[in-house]
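First comes the structure, then the notes that go with it.
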Amino acid sequence: MGFEFSVITESLPALLGGAKLTWIITILGIVGGMICGILAGLGRIAGTEALGEEPHGIFKPLSVVIRYISGGYVETIRGTPIIVQAMFLYFAFPMLVKAVTDIERFRIEALTAAVITIIFNAGAYIAEIVRGSVISVNKGLLEAGMSLGISRLQLIVHVIGPIAFRRMIPPLGNQFIISLKDTSLFIVIGVGELTRQGQEIMASNFRALEIWLTVAVMYLMMTTVLAMSLRHIERKMKIF
Amino acid sequence: MSSIIELKNVCKSFGDTEVLHNIDLSIQEGEVIVVIGPSGSGKSTLIRCINCLELISSGELIVDSIKIPDERGRIRQIRLEVGMVFQQFNLFPHMTAVENVAFGPSKARKMNKSKATDIARDLLDKVGLAEFENKFPGQLSGGQQQRVAIARALAVNPKVLLFDEPTSALDPEMIGEVLDVMKSIAKDSGMTMVVVTHEMGFAAQVGDRLIFMDDGWIVEEGKPAEVMKKPKSERLKDFLGHVKHH
């Protein structure tokens with residue numbers, strides 16, 4: 001049994017189908033994860049001097065609540081394996097719904113569960129990337145903005161945001177690539193992504209070398225696209 | 001003339017440490033106040049209290065008839081009328097010189113962009129940096145950056161300008177260009193200015209009043225020439241012996 005190129009060409013359509021699904025889960029996951037991560041990352045430093053000045057009145061206790069909720073979310077997600085999160089959402093969550101409500105036939109599609117898992121999982125790590133970048137912005141720049149009389153929202157959008165975002169790009173690249181590779185774990189809830197397609201073909205023809213080599217190259221091509229896109233953004237945002 | 005800034009029995013503490021003690025100060029419109037004193041004497045804290053970058057711990061602050069702490073919700077209005085220039089310039093690194101200057105009028109004063117840019121170009125011209133409008137802060141010298149920062153503070157059209165050691169981070173050969181800009185603002189526009197500095201020459205030339213602070217107290221104040229020539233306290237005599245004369 002030598003190396004057979006025909007094995008690759010024959011399995012290519014199925015593998016490409018799997019790669020497409022991997023790509024869809026990843027893109028939806030990191031877009032949602034960015035939204036989730038920015039909210040939770042800013043939430044963890046709500047009401048602190050990293051976002052301008054400390055609030056007063058009702059906003060003070062409110063910011064404490066927001067900090068606790070965001071912190072609880074980040075620590076819970078970071079502290080549990082993603083494969084457990086996926087299985088919880090797919091198998092256990094419908095049972096939980098059934099137990100506390102009257103809904104009998106509540107089900108989550110495997111693909112939906114996969115996307116949601118990536119969103120919440122990536123979101124927790126991105127939250128820490130956002131928090132780290134924001135607290136690294138020189139406090140003097142915040143004071144310069146505040147002394148002009150702009151609002152807190154303007155300060156976040158026009159001053160903190162652009163400066164922090166550029167610092168986020170390298171660690172975001174890490175997280176995007178990790179999230180893409182994490183989609184291979186959804187083999188356990190039966191999502192037909194790339195790794196599962198490879199596994200299924202392999203189980204029928206036992207050509208491990210050709211199949212896993214092809215699968216590996218496909219992952220490498222997708223992660224390269226992610227890495228290069230981020231490099232492109234980084235170059236475009238060059239600050240003198 | 002009416003007073004535009006008034007501090008009544010103001011104290012400021014950081015934790016258990018009180019850094020400003022019972023400050024009473026009234027500043028008239030158009031007045032140029034120079035604040036001197038050794039480091040840690042509370043002079044920076046004093047001017048940072050005026051635009052509420054530090055909130056006073058007790059007493060009352062009145063700026064342009066807005067009362068702090070009673071009207072804490074109107075801090076932004078105070079800041080629109082009180083511009084600030086920092087020791088470290090603090091220009092926004094992701095904006096060009098003209099964008100830095102136009103930022104205040106377009107965001108804080110909600111002016112349309114082209115009008116804000118016109119104002120910014122005008123001010124950059126005034127501080128002698130017209131040809132640098134498309135440079136980023138990182139491409140400018142310290143003196144040029146500080147002049148952009150002064151233009152940025154002026155662009156919001158404030159009634160008062162605060163300067164927190166504006167020349168202390170500069171190379172000696174760049175101090176002059178920044179002081180010249182400050183002098184021309186003081187003379188031409190009649191701007192109310194509060195300047196924390198060690199530049200005694202500047203104090204003597206354009207200051208209406210000199211305030212000497214030590215350990216959180218206002219120790220002496222008066223006409224700059226008189227205070228410098230005849231210091232009453234030992235602390236001021238000692239301090240004046242240590243500062244350079246430009």
For this session: With r as the distance between the Cβ atoms of A:ASN174 and B:ASP215 and R0 = 35 Å, compute the FRET efficiency 1/(1 + (r/R0)^6) and round to 0.05.
Result: 0.10
Exercise. Radius of gyration and Dmax for segment B:78-164's Cα atoms, expressed in Å?
Worked result: 11.6, 33
Problem set entry | Ratio Rg/Rh, restricted to segment B:158-237 and using Cα atoms, in which Rh is the Kirkwood radius | 0.97
Seminar exercise, completed: Quick shape check on segment A:122-172: root eigenvalues a ≥ b ≥ c of the Cα gyration tensor, a/c under 1.5 is rounded, otherwise prolate if a/b tops b/c, else oblate, and it reads prolate
Exercise. How big is the Kirkwood radius of chain B, worked out from every pair of different alpha carbons and given in Å to one decimal?
Worked result: 18.4 Å
Exercise. When we measure straight from the Cα of B:LYS8, which aspartates and glutamates land under 12 angstrom away, once same-chain ones fewer than 8 places off are left out?
Worked result: B:ASP24, B:GLU60
Problem set entry | Under Karplus coefficients 6.51, -1.76 and 1.60, residue-wise ³J(HN,Hα) of segment A:91-96 in Hz, glycine/proline x | 9, 7, 4, x, 5, 4
Seminar exercise, completed: For B:TRP217, the accessible surface traced by a 1.4 Å probe with all protein chains present amounts, in square angstrom to the nearest 10, to 120 Å²
Seminar exercise, completed: From highest to lowest solvent-accessible area (probe 1.4 Å; ligands, DNA and RNA excluded), B:GLU199, A:GLU234 read A:GLU234, B:GLU199
Exercise. Can you list the HN-Hα couplings for segment A:134-143, worked out from phi with the Karplus curve (6.51, -1.76, 1.60; θ = phi - 60°), rounded to whole Hz and with x for Gly and Pro?
Worked result: 5, 6, 7, 5, 3, 4, x, 5, 5, 5
For this session: With a/c under 1.5 counting as rounded, go ahead and sort segment A:16-58 into rounded, prolate or oblate using the C-alpha gyration tensor (a ≥ b ≥ c being the square roots of the eigenvalues; past the cut-off, prolate if a/b is larger than b/c, else oblate).
Result: prolate
Seminar exercise, completed: Checked segment B:130-180 with the C-alpha gyration tensor, a ≥ b ≥ c its square-rooted eigenvalues, rounded below a/c of 1.5, otherwise prolate if a/b is larger than b/c and oblate if not; verdict oblate
For this session: State log₁₀ I(q)/I(0) for segment B:10-81 at q = 0.13, 0.18, 0.19 Å⁻¹ as given by the Debye formula over alpha-carbon point scatterers of equal weight, solvent excluded.
Result: -0.38, -0.73, -0.81
Seminar exercise, completed: Order by accessible surface, 1.4 Å probe, largest leading, for residues A:SER151, A:SER204 comes to A:SER204, A:SER151
For this session: With both partners inside the protein assembly as shown, how many of the DSSP beta bridges are antiparallel, as a percent to the nearest 5?
Result: 55 percent
Exercise. P(r) of segment A:94-240 in 10 Å steps, Cα pairs, percent per bin?
Worked result: 9, 25, 25, 20, 15, 5, 1
Seminar exercise, completed: Nearest-0.05 FRET efficiency for A:TRP212 and A:ILE58 at R0 = 60 Å, using Cβ-Cβ distance, is 0.55
Exercise. So what does B:ASP125 come to for accessible area, using a 1.4 Å probe and Å² rounded to 10?
Worked result: 100 Å²
For this session: Quick one: give the max-minus-min coordinate of the C-alpha atoms of segment A:1-82 along each principal axis, largest first, in Å.
Result: 73, 22, 16
Exercise. Can you list the lysines whose alpha carbon sits under 20 Å from that of B:LYS230, skipping same-chain ones fewer than 8 residues off?
Worked result: B:LYS244
For this session: Would you mind getting me the FRET efficiency between A:VAL100 and A:THR9? Use the beta-carbon distance for r and R0 = 60 Å, nearest 0.05.
Result: 0.70
Exercise. Straight-line reach from A:LYS20: which lysines have Cα under 27 Å away, leaving out those fewer than 8 places along the same chain?
Worked result: A:LYS181
For this session: Quickly work out the A:THR112-to-B:SER3 label distance, labels modelled 7 Å from Cα along the C-beta direction, and quote it in nm with one decimal.
Result: 6.8 nm
Problem set entry | For the protein assembly as shown, calculated [θ]222 nm from helices alone, where every DSSP H run of n ≥ 4 adds -39500 (n - 2.57) | -17500 deg cm²/dmol
Seminar exercise, completed: SASA check, B:ASP214, accessible area w/ 1.4 Å probe, all protein chains in place, rounded to nearest 10 Å², comes out at 30 Å²
Problem set entry | Fluctuation leader among B:LEU25, B:LEU123, B:LEU91 - chain B, Gaussian network, Cα springs under 10 angstrom | B:LEU25
For this session: Distance check, please: which entries in A:LYS238/B:LYS110; A:LYS60/A:LYS98; A:LYS238/B:LYS183 exceed 31 angstrom between their Cα atoms?
Result: A:LYS60/A:LYS98; A:LYS238/B:LYS183
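The values are calculated or read from the model by the stated rules, or taken from the named source; none is laboratory data. Since the model is a prediction, treat every value here as computed from it, not as a measurement. Cβ sites come from the backbone with ideal geometry, for glycine too, and all protein chains shown count toward neighbours. Heavy atoms of the whole protein, side chains included, go into the accessibility calculation; ligands, DNA and RNA do not. Shrake-Rupley method; radii C 1.70, N 1.55, O 1.52, S 1.80 Å.
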